[in-house]
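Heads up, the thing below is written out as structure tokens.
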Amino acid sequence: MMRVTLLPRFEPRGRPSAAMSIASPLIALLLTALLAAALFVALGKDPWRGLSVFFIEPLSGWRPASEVLLKATPLALCALGLSLCYRSNIWNVGAEGQFLLGAIAAGGMALWIGGPQGALGSLAAGDGMFAALAGRPLQLPLVLLAGVAGGAAWAAITALLRDRCNANEILVSLMLVYVAQQLLGYLVFGPWKDPAGFNFPQTPTFAASTWLPPLMAGTRLHWGFVLALLAVPLFWFVLFRSWRGFQLDVSGQAPAAARYAGFSARRALWTALLISGGMAGLAGAMEVAGPLRQLTPHVSTGYGFTAIIVVFVGRLHPVGILLAAILLSMMLIGGEYAQSRLGLPGALTGVFQGSMLFMLLACDTLIHSRVRWRHARPVSS
Amino acid sequence: MSEPTAARPGSPTPRLQLEGITRHYPGVKANDGIDLHVAAGEIHAVLGENGAGKSTLMKIIHGSVRPDAGTVRWDGEPVQLASPAMAQALGISMVYQHFSLFETLSVAENVWLGLPRGETLASVARRIEAMGASYDLAVDPGSPVHALSVGERQRVEIIRALLGAPRLLILDEPTSVLAPQAIDGLFATLRRLAAEGCSILYVSHKLDEIRALCDRCTVLRAGRVTGEVVPARETPASLSQLMIGTEPPPLTRTNVAPGQVALSVHALSMQGETVHGTPLEQVSLQVRTGEILGIAGVSGNGQQALLAALSGERTVDRTGDRAAIRLFDHPVGRLGPRERRRLGLHFVPEERLGRGAVPALGLDRNTLLTRDEGVGRGGCLRPDAMRALAQRLIERFGVRAEGPASAARSLSGGNLQKFIVGREIDAAPRVLVVAQPTWGVDVGAAALIRAELLALRERGAALLVVSEDLDELLTLCDRLQVIARGRLSPSLPIADASPARIGEWMSGLWPQAVMADAAAGAVPAAR
């Protein structure tokens, strides 16, 4: 019996085009938009209306745009930290957990130093002196630093287990996300619950002295966005112009060369994880000190996971990451609009995020290799 | 002997016939109108420097690259070699210079993958052992490839090619990593294969081997054929003339009186690199300033562990003696590569891409692996300084690269080796440890690298060269030690080191009495 099938085969291209590797996220975006349009048609909606809800309305006017930038802030901060890990070949997928621990630590600090009227008043009874020492101008920095420390400590567990027990960092960091979620739940349902909160699972509102002030009156966009903007050149410098960043890069790209040069793999592991944990923790702290001003079980809407997509859409480059954070944030807001205005399910955002990543990986594969179709010859025996 | 243009008696049509083969790459004509005839049962050499177009030509014959112009005839019939599978079906097998083995699979599994279906893994393993025994290519079929040295991997490649019962076998620089007896064994194998009717294309730049083995020889230079000769009738000088146009200047050695002991290892034992790696047992050596000590041996006998222990990539553990390795007066057993480099010990590893250099990074950034010129105050990188250093290395060592920013992987093997060796020599090391300094490097580059190593010795550095190329060790070194099964022989002055004697020692058979003497003599000096 003769049976001829057409098989695709991937051959590496000699020299992948540099222009295409920048164009790849844009092509992926275009393909995602086409897929989205097809999906809208299938759901019986006007595709133009659907696309404009996702890609135009989030930028129409200052208010929606400020919301886009507000959500881009934690995405960019988490993703910048993660880019350091991924460049060092350390697969931290637990930014979500580190974000939550940052939020918890910052929230705890805000409640503690934020004055005697808080829920931790009894706990902080003897801390008047500390609150006095930590004068009003110092309170916000303390809250943010607590967040950094919380996130870094959570990432340190992953680093320690990898370092000492050679545990797989992907599994450990991922599972610690669920531990962090349970911990947050325990705190807001239990010891930190607002006694005057009608039994809702939430802490009291923090004292105003610990709030991250808004950037513009009438919007929720806060100074954290400026911090994220400043972090971009800082990370660019660390990645491309610093000796430490070079060591991380080499340990990721060529571990044998790093050993040959004498760059410590352990140091790379700890540096990358502590910095990325700290960045995620900072993002968490700014989320609770900025727009939320209290802890609830829903502090994060998956920022730490979305940030993974942001890193790759942003090509592991700080500037790309900033742009990708804004794009993915638009999709988050667009997803909310799609629910309220088109009556579409909220899961749509996840579908678009996932297909965006898939399209990007597909584009990358085609940039690095070409497809050859050939007839498989039947095995003659 | 037959006339160069005529086929051998008894086989009127050549088995393989190339006419006017031309292949362009962007910016370079790799092959330019090449004619080549290989008769049945003939051992035919293709001689040329790196970059002369040998590899492209072999890829065309093996079907992985298509020519832009020209015809390929097989047994007189024109054929279109569209893929390696097609070449394989005709009976063309190739042993590449760069191996194509799966690191995580075992030897037998790797070979099994390339065979037609229907054979069990166990029977493949038995055939590998039988093949290894009869052709002097012993390798453990159960060992994973990542645990093998370069030389052992090459044996696997040769065995894999032979198992396909080829009618034309292409070997690309096959002897670079074999011991003298193994080379003789390989030549015996090849002659037997040829006598059985298999044609052999032997790609090499080693003139002596070609003269000893091959019936005819096609010489390439810059993509063109510069001559087709009977190598037995040629002198090395005349072959080299055809290959590079000029004869490389002979190496000059001046006598330098050895000075103080610069690097000493005393009774060092260490686990192998992996479970299958060879451990070191009670290894002792000494290198003085102004001398070159050579470590001869077949690959896989503990060279990897020894080099890692010397470079600091592996350190002596807490239970070991940190003074087992001394650099001048410092016990360095527990110091890492950077600390040892600060004390003056530099190292050139065997693997260029991925270890000696980061493939995707430019030459300028690759200077940072072992050099501090590009690191400024506060850990800021200084791009200008890196670029200047890379440019200096490019000029001083004749590295052919587009510029300091060229990615390491864009350089040919010889040029990258010149860059890496140059980077370490330029650092003016007090002790330089070099593994396989000229493996797979063309004649011109090899001559330059060897001359630079000798010049460094004359400037008073201590050098330790680990190589599987005995000729190289005999031209470079003052003394030799042989490594076999993780043990190190006593030291032998180069005047007493005949290939026969070294070959015997490579199988671990050195006189124990001498060893005891050497150990007794070495201990007080090492302390």
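The values are calculated or read from the model by the stated rules, or taken from the named source; none is laboratory data. None of the values given here were measured: they were computed from a predicted structure. Because the Cβ atoms are built from the backbone with ideal geometry, glycine has one as well, and the counts that use them run over all protein chains shown.
Does A:VAL172 satisfy being assigned to a helix (DSSP H, G or I) and closer than 15 Å to A:ALA103 by Cα? Give the steps one after another, and end with the answer.
Working: assigned to a helix (DSSP H, G or I): yes; closer than 15 Å to A:ALA103 by Cα: no.
Judged against the criteria, A:VAL172 is not a match.
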Against the condition more than 14 Å from every other protein chain (Cβ to nearest Cβ) and more than 27 Å from B:ALA40 (Cα to Cα), how does B:VAL111 come out, does it pass?
no
Per-region count, the stretch B:153-172, residues modelled with pLDDT under 80 and either hydrophobic (A, V, I, L, M, F, W, C) or buried (at least 22 other Cβ atoms within 10 Å of the Cβ) (or both)
1
Taking the options B:GLY277, B:GLY302, name whichever one is modelled with pLDDT under 95, on the phi > 0 side of the Ramachandran plot and either surrounded by 16 or more Cβ atoms within 10 Å (Cβ to Cβ) or touching a Leu at 6+ places or on another chain (Cβ under 8 Å) (or both).
B:GLY302
Restricting to the stretch B:128-159, name every residue that is acidic (Asp, Glu), assigned to a helix (DSSP H, G or I) and under 18 Å from B:THR278 (Cβ atoms).
B:GLU152
Scope the stretch A:220-262; condition touching a residue at least 40 places away in the same chain (Cβ under 8 Å), of a type in the set (S, T, N, Q) and at the interface with another protein chain (Cβ under 9 Å from one of its Cβ atoms); matching residues:
A:GLN253
Contacts under 8 angstrom Cβ, first residue in the stretch B:116-135 being within 14 Å of chain A (Cβ to nearest Cβ), partner of a type in the set (Lys, Arg) and in a helix (DSSP H, G or I), 6 or more apart:
none
Please return the ranges of helices (runs of 4 or more DSSP H) entirely within the stretch B:441-527 where 1 or more residues are at pLDDT 85 or above and surrounded by 20 or more Cβ atoms within 10 Å (Cβ to Cβ).
B:443-458, B:470-476, B:499-506
Of everything in the stretch B:128-147, what is surrounded by 17 or more Cβ atoms within 10 Å (Cβ to Cβ), in contact with a helix residue (DSSP H, G or I) (Cβ under 7 Å, 6 or more places away or on another chain) and either among the charged types (D, E, K, R) or modelled with pLDDT of 80 or more (or both)? Give them in sequence order.
B:ILE128, B:MET131, B:GLY132, B:ASP136, B:VAL139, B:ASP140, B:PRO141, B:SER143, B:VAL145
Requiring at least 3 residues that are under 30 Å from B:LEU207 (Cα atoms) and not assigned by TED's automatic domain parsing to the domain that holds B:THR235, the strands (runs of 3 or more DSSP E) wholly within the stretch B:247-323 are B:292-296
Can you pull out the residues in the stretch B:371-393 that are in contact with a Gly (Cβ under 8 Å, 6 or more places away or on another chain), surrounded by 19 or more Cβ atoms within 10 Å (Cβ to Cβ) and either at pLDDT below 95 or within 11 Å of chain A (Cβ to nearest Cβ) (or both)?
B:LEU381, B:MET386
When (1) buried (at least 17 other Cβ atoms within 10 Å of the Cβ); (2) out of contact with any helix residue (DSSP H, G or I) (no Cβ under 8 Å at 6 or more places or on another chain); (3) closer than 30 Å to B:ALA267 by Cα; (4) not charged (D, E, K, R) are applied to B:SER311, the one that fails is (2)
Name the pairs whose Cβ atoms lie under 8 Å apart, with the first residue in the stretch A:279-308 and under 19 Å from A:LYS193 (Cα atoms), the second acidic (Asp, Glu), and 6 or more positions between them or separate chains?
A:GLN294/A:ASP194; A:VAL299/A:GLU287; A:SER300/A:GLU96; A:SER300/A:GLU287
Exclusive hit being touching a Lys or Arg at 6+ places or on another chain (Cβ under 8 Å) and over 18 Å from B:VAL219 (Cα atoms), set B:VAL107, B:VAL65, B:VAL38:
B:VAL65
Enumeration of residues in the stretch B:386-430 that are part of a loop (DSSP other than H, G, I, E, B), farther than 19 Å from B:ALA461 by Cα, in contact (Cβ under 8 Å) with a residue 12 or more places away in the chain and not hydrophobic (A, V, I, L, M, F, W, C):
B:GLY398, B:ARG400, B:GLY403, B:PRO404, B:SER406, B:SER412
I'd like the full set of residues that are in a loop (DSSP other than H, G, I, E, B) and surrounded by 15 or more Cβ atoms within 10 Å (Cβ to Cβ), limited to the stretch A:339-354.
A:LEU344
When you go through (1) within 14 Å of chain B (Cβ to nearest Cβ); (2) under 27 Å from A:GLY335 (Cα atoms); (3) without any contact (Cβ under 8 Å) to a residue 12 or more places away in the chain; (4) not charged (D, E, K, R) one by one for A:LEU316, which number turns out not to apply?
(3)
Take residues that are over 26 Å from the mean Cα position of the chain (by Cα), surrounded by fewer than 15 Cβ atoms within 10 Å (Cβ to Cβ) and in the same structural domain as B:PRO141 (by TED's automatic domain parsing) and tell me which of the helices (runs of 4 or more DSSP H) falling wholly in the stretch B:28-127 contain 3 or more.
B:84-90
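Can you find a residue in the stretch A:355-376 that is under 18 Å from the mean Cα position of the chain (by Cα), touching a residue at least 12 places away in the same chain (Cβ under 8 Å) and part of a loop (DSSP other than H, G, I, E, B)?
Step one: filter the stretch A:355-376 for residues under 18 Å from the mean Cα position of the chain (by Cα), giving A:355-358, A:360.
With the extra rule that they be touching a residue at least 12 places away in the same chain (Cβ under 8 Å), the set shrinks to A:355-357, A:360.
Those left that are additionally part of a loop (DSSP other than H, G, I, E, B): none.
Within the stretch A:355-376, not a single residue is under 18 Å from the mean Cα position of the chain (by Cα), touching a residue at least 12 places away in the same chain (Cβ under 8 Å) and part of a loop (DSSP other than H, G, I, E, B).
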Within the stretch B:338-370, work out how many residues are under 17 Å from B:ARG392 (Cβ atoms) and at the interface with chain A (Cβ under 10 Å from one of its Cβ atoms).
6
Hey, does the stretch A:202-211 have a residue that's within 14 Å of chain B (Cβ to nearest Cβ) and either crowded, with 20+ Cβ neighbours inside 10 Å or part of a loop (DSSP other than H, G, I, E, B) (or both)?
no
